[in-house]
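Novice: Here you go, one structure.
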Amino acid sequence: MYNVLLVDDERIILEGIASVVEWNKHGTRLAGKAVNGMEALRHIEAMPPDIVITDIRMPELGGIELIQWAKERYPGMIFIVLSGHEEFSSAQTAMKLGVRHYLLKPCTEDEIEHVLVEAVEELQERQRQESFRAATMEQLARVLPQIKEQFLKECLMNKTYSKRDWDYYGGLLGLDIEGRAVRLLLFEIEGSCEFEHLFALHNIAEELVRDAGQHVLLNTTIGDRLVLLVEDGELARWLTLLERVKQVYGQYFRLDLTIAVSHPGSITQLRYLYRETLACLSHRFYLGEGSIITSEDILHPVEGLPMELEVDAEAFAIAVRSGNLERVHTFVRDTIIKLKASKLDVGLVKSCVLELYLVLLREKGSAKPAWTAGSHSANNAGPGCSPDAADMTAAGTSARIKPMLGLESYLLREDAFDTLDQTEDYLLQAAAEVAMRNYEANMQTQSKVIDQVIRYVAEHLPEESLTLSKLAHDIFYLNVDYLGKLFRKETGEKFSQYMIRVRMEEAMRLIAAAEYVKILDIAAKVGFRSNPQYFSQVFKKHTGLTPSEYMKQLSIMPEK
């Protein structure tokens with residue numbers, strides 16, 4: 001039922017219309033009558049009707065003034081104007097105020113009911129439109145978050161919008177396309193994460209942003225990353241707020257966040273702002289996980305610095321090959337420091353690191369054959385080096401490559417070289433593993449060398465020319481200093497001391513094994529053929545007795 005207020009200062013007309021119209025028939029109810037504009041005003045204030053049928057000329061407050069007053073307060077109220085021929089100009093004024101229905105006095109019951117039906121139909125149409133609008137808005141409210149998310153994702157992922165498109169979406173989503181400055185925030189959860197981690201991050205971030213008096217305009221997810229479009233504000237304030245987001249999120253999930261913050265810009269610049277945040281995110285390679293990175297933090301090449309960076313891969317290979325852990329660690333740390341200071345493109349720095357990993361693959365895949373005396377490839381090799389290292393060729397190296405599961409699996413991982421600090425840790429660990437294996441192999445090789453030296457000495461003991469220099473240069477093809485140090489390291493005594501000891505021990509064995517011996521023969525058999533007198537001096541120094549005294553002590557008679 002629609003409520004109708006009837007207003008006319010002529011009671012006959014007022015009562016006549018009130019009585020002749022079948023109000024219920026048309027879905028209406030006569031809710032009140034007023035004899036002038038002021039009384040009608042009070043009725044409207046007390047209980048606003050849906051339809052007002054009013055005369056124009058009335059004392060105290062005319063119909064035009066009543067319409068004007070009511071339209072300001074109740075713009076949806078429908079007025080039906082009663083006017084005479086002489087009131088045409090006033091009727092025109094009423095029409096300017098939005099009045100669409102009027103009756104010319106005198107009017108019949110049918111005319112009144114016809115106009116009343118028109119007013120009711122107008123109200124019904126309004127209700128239908130309002131119901132449709134409400135249903136549309138309710139449906140839009142349900143899908144609006146998805147529309148906003150998809151709109152932002154398309155903006156970031158290269159979809160082109162015309163001016164008309166921007167205006168449409170600006171109106172639909174309530175965005176100030178041109179005037180409002182915005183920032184883009186890009187969140188990445190460190191380590192493996194599930195959907196609920198990303199969902200929780202979105203809720204925590206939005207709540208903390210809202211509590212701080214800021215507003216998230218749009219949000220979306222791209223892969224495992226969360227993107228927030230926010231109103232611009234003081235950068236220092238945003239950094240403080242984002243630290244709070246990291247802290248709260250870390251308390252709940254024990255996961256760290258890396259966050260990239262763009263420059264301020266307009267919504268039409270979203271694609272540029274997104275590329276900027278991606279560039280920021282890539283520089284966590286230098287700054288490490290769990291950083292908040294702004295465009296000001298992005299490292300650029302220092303003027304005057306070479307655009308290419310050389311890494312001494314051969315020096316690294318030698319260090320690893322030697323098995324010297326301290327040397328390997330020093331090389332890796334010095335190289336990482338140099339890479340950090342270079343401020344070069346991340347891709348270029350990664351290629352330098354990759355070169356070092358390939359060195360480790362090669363070194364671990366290089367098979368070390370059993371070393372034998374007379375292998376000329378070991379000539380002048382340094383301590384810890386495999387004897388065949390000097391002549392190693394590219395073809396020979398390729399033939400020796402074997403799967404290195406630890407390094408190969410790491411190089412194939414998506415997060416390989418994620419940060420320079422992680423890269424340093426893994427490189428140190430892998431290099432130490434390869435170097436330690438080389439060290440152990442070197443120790444085995446060195447022990448074999450000394451075993452062969454000892455065996456050679458035993459077999460050639462009568463030779464007076466059996467010196468360290470001869471063994472190193474002519475027999476084993478090694479650096480004499482290196483062989484001397486290696487011999488002392490393996491046996492605990494100098495080579496010269498060893499030679500005297502084994503010669504004297506052999507002389508003592510020969511004396512004890514014979515019933516009659518000649519000192520000259522003994523001297524010749526232990527390398528003193530040309531100087532038997534010196535043999536006697538050395539023997540006495542070693543045993544405390546001359547050869548003759550030693551024989552007497554053993555009750556052995558020397559031959560004359």
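Novice: Residue by residue through the range 230-235, which ³J(HN,Hα) values in whole Hz follow from phi under the Karplus form 6.51 cos²θ - 1.76 cosθ + 1.60 (θ = phi - 60°), with glycine and proline marked x?
Specialist: Taking θ as phi minus 60°, the curve returns 10, 5, 5, x, 4, 4 Hz for the range 230-235.
Novice: Once you have a ≥ b ≥ c as the square roots of the Cα gyration tensor eigenvalues for the range 2-128, tell me rounded if a/c is under 1.5, and otherwise prolate or oblate according to whether a/b is larger than b/c.
Specialist: It comes out rounded by the Cα gyration axes.
Novice: If you don't mind, another one. Which aspartates and glutamates have a Cα lying under 12 Å from the Cα of Lys485, excluding residues fewer than 8 positions away in the same chain?
Specialist: Straight-distance partners of Lys485: Glu493.
Novice: Run the numbers for His215 and Ile450: contour at 0.36 nm per residue of separation, minus the present Cα-Cα distance, in nm.
Specialist: Details: separation 235, 0.36 × 235 = 84.60 nm, distance 7.73 nm.
Full extension of this stretch gives 76.9 nm more.
Novice: Taking amide hydrogens as modeled 1.01 Å from N in the peptide plane, which residues meet the under 5 Å criterion relative to Ile292, leaving out close sequence neighbours?
Specialist: Counting only residues 5 or more places away or on other chains, the set is Ile259.
Novice: How big is the charge dipole of the range 422-560 about its Cα centre, in debye rounded to the nearest 20, if each Lys and Arg gets +1 on its Cβ and each Asp and Glu gets -1 on its Cβ? Could the numbers behind the result be given before it?
Specialist: Numbers: 18 positive and 18 negative charges, 143 e Å.
Approximately 680 debye in magnitude.
Novice: Sorted by packing (mean other beta-carbon atoms within 10 Å per residue), highest first, where do 160-172, 183-195 land? Walk me through the numbers on the way to the answer.
Specialist: Values: 160-172: 12.4, 183-195: 17.5.
Those peptides, ordered most packed to least, come out 183-195, 160-172.
Novice: Moving on. Once both labels are modelled 7 Å past Cα along the beta-carbon direction, what's the Ser131-Asp232 spacing in nm?
Specialist: In this crude spin-label approximation the distance works out to 4.8 nm.
Novice: Further, regarding this structure: So what J values fall out for the range 311-318 if you push phi through Karplus, 6.51 cos²θ - 1.76 cosθ + 1.60 with θ = phi - 60°, rounded to Hz, Gly and Pro as x?
Specialist: 3J(HN,Hα) across the range 311-318, in whole Hz: 10, 6, 5, 5, 5, 5, 4, 5.
Novice: Rounded to whole Hz and in sequence order, give me ³J(HN,Hα) for the range 481-497 from the Karplus expression 6.51 cos²θ - 1.76 cosθ + 1.60, θ = phi - 60°, writing x for Gly and Pro.
Specialist: Using θ = phi - 60°, the values come out as 5, 4, 5, x, 5, 5, 4, 5, 5, 7, 9, x, 9, 5, 4, 5, 5 Hz.
Novice: Turning to a different aspect of this structure: Where nothing but the Cβ of Lys and Arg (+1) and of Asp and Glu (-1) is charged, how large is the charge dipole of the range 2-128 around its Cα centre, in debye to the nearest 20? Let's see the in-between values first.
Specialist: Values: 13 positive and 22 negative charges, 86 e Å.
My answer is approximately 420 debye.
Novice: While we're on this one: When the chain is fully extended, how far beyond the present Cα-Cα distance does Glu289 get from Glu109, taking 0.36 nm per residue of separation? Walk me through the intermediate numbers first.
Specialist: Details: separation 180, 0.36 × 180 = 64.80 nm, distance 8.45 nm.
Difference between extended and current length: 56.4 nm.
Novice: Report the label-to-label distance for Ser548 and Glu314 in nanometres (one decimal), using points 7 Å from each Cα along the Cα→Cβ vector.
Specialist: Between Ser548 and Glu314, the label points sit 6.5 nm apart.
Novice: In terms of modelled amide H atoms, which long-range or inter-chain residues lie less than 5 Å from the amide H of Gly32?
Specialist: For Gly32, the qualifying residues are Val4, Leu6.
Novice: Highest mean first, how do 311-318, 431-438, 350-357 rank when packing is the count of other Cβ atoms within 10 Å averaged over residues? Show your work: numbers first, answer last.
Specialist: On the way: 311-318: 16.1, 431-438: 20.0, 350-357: 18.0.
Ranked from most to least packed, the peptides come out as 431-438, 350-357, 311-318.
Read-outs: derived from the displayed coordinates by stated rules, not from any lab. Here the structure is a predicted model, which is why all the values come from computation and not from measurement. All Cβ positions, even for glycine, are placed from backbone atoms using ideal geometry, and neighbour counts span all protein chains on display.
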